[in-house]
Every structure is written in C-alpha cells, then in structure tokens.
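Asker: Quick one: this structure, given as structure tokens, is what I'll be asking you about.
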Amino acid sequence: MAGATFYFDLGSPYAYLAAERVETVLAAPVRWQPILLGGLWKANGRSSWSMGDQRRREEGMAEIESRASRYGLPPISWPEPWPSDYLFAMRVATFAHALGAGREFALAAFRQAFAGGSDLSISANVVDAAGAAGLDADEVTAANQDPAIKQALREATEAAHEHGVIGVPTVAIDGQLFWGDDRLEEAAAALGA
C-alpha cells in the first residue's frame with residue numbers, strides 16, 4: 001500500500017485537527033512534512049482568514065471548536081495571541097523531522113498550542129514540546145540558527161508549492177492533493193483505491 005505525505009504548519013488549528021486523526025483515518029504510512037504556511041501565502045498571493053475581518057475570524061474559530069468536539073478532541077484552548085510568529089517552532093519541526101522525530105514533536109507542539117493554549121512564538125514553549133518528543137533543548141535551540149535547517153524548511157515549502165499545495169493541512173497521495181482536515185476520509189478512499 002502506498003504512503004501519504006501530510007503537509008502542516010504548527011500555527012494552523014486545522015492542521016492540528018488533521019494531525020490528531022491523519023494516521024488513524026488513513027491507516028497507512030504517513031510522512032509528516034513541515035512547511036511554512038506564510039511562504040505558501042506569499043507564493044499564492046493569499047493571506048489568513050484569521051487576520052482580517054473580526055466576524056470571519058470568530059466564525060472560523062467557532063468552526064474549529066465545533067470540529068474538535070465532533071472528532072472527540074479536547075476543547076480548543078486558543079493561544080494568546082493567535083496567530084503569531086511560528087518560525088522558530090517550524091525550524092524545530094524541520095530539525096525534528098531530520099532526526100526522525102517530526103511526528104512526535106509536531107503532535108506535542110500542536111497539543112501544547114491548541115489543547116493547552118501555549119503560544120508557540122515563545123521559544124521556551126517550543127523547547128518544552130521538543131523535550132516531550134525526546135529532543136535535547138540545547139540542540140533544538142542551536143538548530144534555530146543552523147543554515148541547513150533554514151534551507152531545508154525553505155526548500156520543503158518551495159517543493160510543496162511546486163507540487164500544488166496551497167494551504168495546510170494537505171495530504172498528498174500519488175500526486176493527488178487533499179486540502180483540509182475535512183478531506184481525510186476522501187484521502188483514505190483514494191489511498192485504498
């Protein structure tokens with residue numbers, strides 16, 4: 001059976017919803033790939049629904065809270081502020097990915113942010129999530145300044161864009177892209193076909 005690639009950014013609550021379900025729903029090997037959502041927005045001339053109209057923001061947040069409840073997840077606890085600057089967190093995700101601990105770190109960070117309300121723009125919160133994934137705090141902090149990690153994240157984002165990824169979460173299966181946490185079942189059907 002073929003595997004799937006799960007594209008995510010730790011600042012996306014929709015990616016959090018997908019992260020909690022992706023492996024169960026797909027029942028197949030899943031490769032977790034961190035990318036910068038801001039880089040995709042820049043490449044596509046888009047921006048976040050959470051950054052403009054207050055009514056649209058409130059409706060989006062309410063929808064995420066409703067989905068979390070439907071999926072049997074803990075209530076969403078929004079970080080303050082949200083969204084924020086997640087570059088350090090995404091570099092750590094890239095570092096963890098390179099060490100084979102990307103899934104573990106991402107889940108710890110997502111849960112800290114959206115179930116625990118911790119702001120991932122604060123490096124200590126990211127280091128705590130890294131510790132929960134078994135990563136060394138000093139290595140994580142050093143990775144943030146590592147040119148190879150910066151380049152790997154940039155290249156992963158560019159490659160995702162070249163493959164047609166326009167947002168997160170996106171699951172890729174044999175060239176097909178499924179954008180949105182609500183499309184995991186559709187991705188599973190394609191994987192089983």
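Asker: Do we have Thr141 as hydroxyl-bearing (Ser, Thr, Tyr) and within 13 Å of the chain's Cα centre (by Cα) here?
Answerer: no
Asker: Here is a list of conditions, (1) surrounded by 14 or more Cβ atoms within 10 Å (Cβ to Cβ); (2) under 18 Å from the mean Cα position of the chain (by Cα), and Lys42 meets all of them except one; can you say which number that is?
Answerer: So Lys42 meets the others, but not (1).
Asker: Right, next: So, in region 181-191, exactly how many residues are under 14 Å from Glu20 (Cα atoms) and either surrounded by fewer than 17 Cβ atoms within 10 Å (Cβ to Cβ) or of a type in the set (D, E, K, R) (or both)? It would help to see each step written out before you state the result.
Answerer: We begin by selecting, within region 181-191, every residue under 14 Å from Glu20 (Cα atoms); these are 181-185.
Next, from what is left, pick out any that are either surrounded by fewer than 17 Cβ atoms within 10 Å (Cβ to Cβ) or of a type in the set (D, E, K, R) (or both): 181-183, 185.
The qualifying residues number 4.
Asker: Also, quick follow-up: I need the full set of residues from region 154-174 which are surrounded by fewer than 17 Cβ atoms within 10 Å (Cβ to Cβ) and either closer than 23 Å to Arg67 by Cβ or free of Cβ contacts under 8 Å to residues at least 12 places away in the same chain (or both), in order please.
Answerer: Residues satisfying the conditions are Glu155, Ala159, Glu162, Ile166.
Asker: Output yes when any residue across region 51-67 is surrounded by fewer than 21 Cβ atoms within 10 Å (Cβ to Cβ) and touching an Asp or Glu at 6+ places or on another chain (Cβ under 8 Å), and no when none is.
Answerer: yes
Asker: Hey, another quick one. Within region 89-106, track down each residue that is more than 11 Å from Leu153 (Cα to Cα) and surrounded by fewer than 24 Cβ atoms within 10 Å (Cβ to Cβ).
Answerer: Leu99, Gly100, Ala101, Gly102, Arg103, Glu104
No value in this document is a laboratory result; all are computed from the given coordinates. Quantities reported herein were computed from a predicted structural model and do not represent experimental measurements. Note: ideal-geometry Cβ built from the backbone for every residue, glycine included; neighbour counts use all protein chains shown.
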